[in-house]
Each structure stands twice: as structure tokens, then as C-alpha cells.
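A.B. asks: This is the structure I have questions about; it appears just below.
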Amino acid sequence: MMTALVLTFIGDDRPGLVNAISERVAACGGSWLESRLAHLAGKFAGILLVNIPDTKVEALGAALRELDAKGLHIAIERGDAVSDAGASSTILKLEIVGQERAGIVRDVTQALTDLGVNIEEFTSGVESAPFSGLEMFRATARLRAPRGLTADALRQSVERLAGEIMVDLAVSEGDDEK
């Protein structure tokens, strides 16, 4: 039997961090299935999904805890085997662009929460606008809308919000693949 584990980690960025984790996963007979890793403000952080034999879960935990002494903080959580959330929901993509200001993420996520929409993936950043040099906030999100909430209904809701918070928000049909 195999166990799905979700690992999150953060540490000072330096060469070899991903290798240190992957060596321990492989040594315990695990498979690195999926990950999102990023360098942010001198730190390297990530979240990953591994599949590991049930008999090796404790060994992997001990091996990863050794990295904590080397400044890489890792949390381990057991994941669910298979989710049936896709059967009653729709995948949508949300794109956000606007002049950087405090509260954009809060306002957008509150509107999504009020509609019962789950954020499955969220990526954001700030960049300089061409010509003006203004800081522009950009984000994309993969959303899972509950049954009964159409893309058009979500689009109308975010269009109202876009006018209030002065950003461009676009909703499009997504796919079920990550």
C-alpha cells in the first residue's frame, strides 16, 4: 500500500535544497509526484506531493527531520487518496491585473469565498508597467466552482468587484488537468 504525503518546506536559498529532499524521498522508495517551488526574498519555499510505501512513512519523516538541523524547515501531512470533488464542480481560470495596492488579494478571495469557490492554485507577482514604471499586480488562479455556479455568474460577480477595486479581472473556462 502507498501513502500520499504533502510536504511543505522553507529555508534560506542555496544550491542543493531540492536535491536533499529528493534524495531522502527516493531512498525511502517514494515518488515525487507534483510540486510548486519558488525563491522569495532570499528564502526557498515549496509544497510537494510524494507517494511512499506505508512501511516507509516513519523513515521518511525521520530523514526529513535531519534537514531541520540544517536550516530547512519541513512539515509533513498525510494526503487524501482520491478526491471526488470534480464530479460536482467546474474548473475556471481567473486572471487579475491592476496597479499594486494593499488588499487586492483579500478583496478577490473574499468575493470567491462568498460564492463558495475553492482556490486550487494561485500565482501572483508584481512587475513594472512598460513606459510608466508603475508597479502592476498580476495573478492567475485555478478555481473550482461549486455545482450551480456558472462561469457567466462568476464573471458577472468579479466584473462588479473589478470596478470597485480598480483592477481587471477575467474569468475563463478551465480544464480539469493541473
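The values are calculated or read from the model by the stated rules, or taken from the named source; none is laboratory data. Note that this is a predicted model, so its numbers are computed, not measured. Here the Cβ is made from the backbone with ideal geometry for all residues, glycine too, and neighbour counts use every protein chain on show.
A.B. asks: Where residues in the range 26-35 are over 19 Å from Asp80 (Cβ atoms) and either in contact (Cβ under 8 Å) with a residue 24 or more places away in the chain or in the same structural domain as Gly125 (by TED's automatic domain parsing) (or both), which of them is surrounded by the fewest Cβ atoms within 10 Å (Cβ to Cβ)?
C.D. replies: Per the stated criteria, the residue is Ala27.
A.B. asks: Further, regarding this structure: Hey, any hits in the range 128-143 for a residue that's in contact with a helix residue (DSSP H, G or I) (Cβ under 6 Å, 6 or more places away or on another chain), modelled with pLDDT of 90 or more and hydrophobic (A, V, I, L, M, F, W, C)?
C.D. replies: Yes, that holds for at least one residue.
A.B. asks: Name the residue that is nearest to the chain's Cα centre (by Cα), counting only residues in the range 122-164 that are β-branched (Val, Ile, Thr) and surrounded by fewer than 17 Cβ atoms within 10 Å (Cβ to Cβ).
C.D. replies: Thr123
A.B. asks: Among the residues that make up the range 145-163, is at least one of them polar (S, T, N, Q) and at pLDDT 95 or above?
C.D. replies: Within the range 145-163, none of the residues are polar (S, T, N, Q) and at pLDDT 95 or above.
A.B. asks: Checking Glu23 against (1) in contact (Cβ under 8 Å) with a residue 60 or more places away in the chain; (2) farther than 24 Å from Leu154 by Cα; (3) surrounded by 12 or more Cβ atoms within 10 Å (Cβ to Cβ); (4) of a type in the set (Asp, Glu), which test does it fail?
C.D. replies: (1)
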